[in-house]
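See structure below.
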Amino acid sequence: MVKDFVVTLSPEEAASAIIEALVSHEEPVFYLLEHPVMLVDNHRIQCSSGVIITLVLAKWFVRTGDYVNVVVVLSNLTGGSTTVHLCTGRFRRWFRDVDFGAAKTMVGMVESVLERYKLD
């Protein structure tokens with residue numbers, strides 16, 4: 001599953017909002033079935049025209065029997081607003097092409113954190 005949208009936050013602000021809401025182990029927003037979202041990678045590339053931040057998040061889903069991950073790419077290279085690119089994947093140990101909606105759930109988690117900052 002792939003999704004793109006634009007937000008009014010800077011890439012750093014968007015990354016911080018996502019990490020705080022989904023990865024915080026004190027009171028995570030989405031702490032379903034005692035399997036929290038894990039931050040696998042948090043990579044930044046700074047250049048003269050802006051910044052690109054890549055977050056890799058993973059979560060164990062009982063219904064699929066494996067981890068589902070979402071790659072979040074935040075960039076402001078094309079102007080003032082931040083472009084958000086979401087792409088999901090999973091290990092597919094048991095069912096080859098069936099994820100029982102887990103990818104949609106992962107994208108929805110990230111999207112809900114940034115919902116109020118989305119531009120039309």
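Length gained on full extension, M1 to T78, computed as 0.36 nm times the residue gap minus the Cα-Cα distance: 25.3 nm. As a proxy for reagent exposure, T82, T54 were ordered by neighbouring Cβ count within 10 angstrom, fewest first; the result is T54, T82.
Values in this text are rule-based calculations from the coordinates and carry no lab data. Source: prediction; values computed, not measured. Cβ atoms come from the backbone with ideal geometry, glycine included; neighbour counts cover every protein chain shown.
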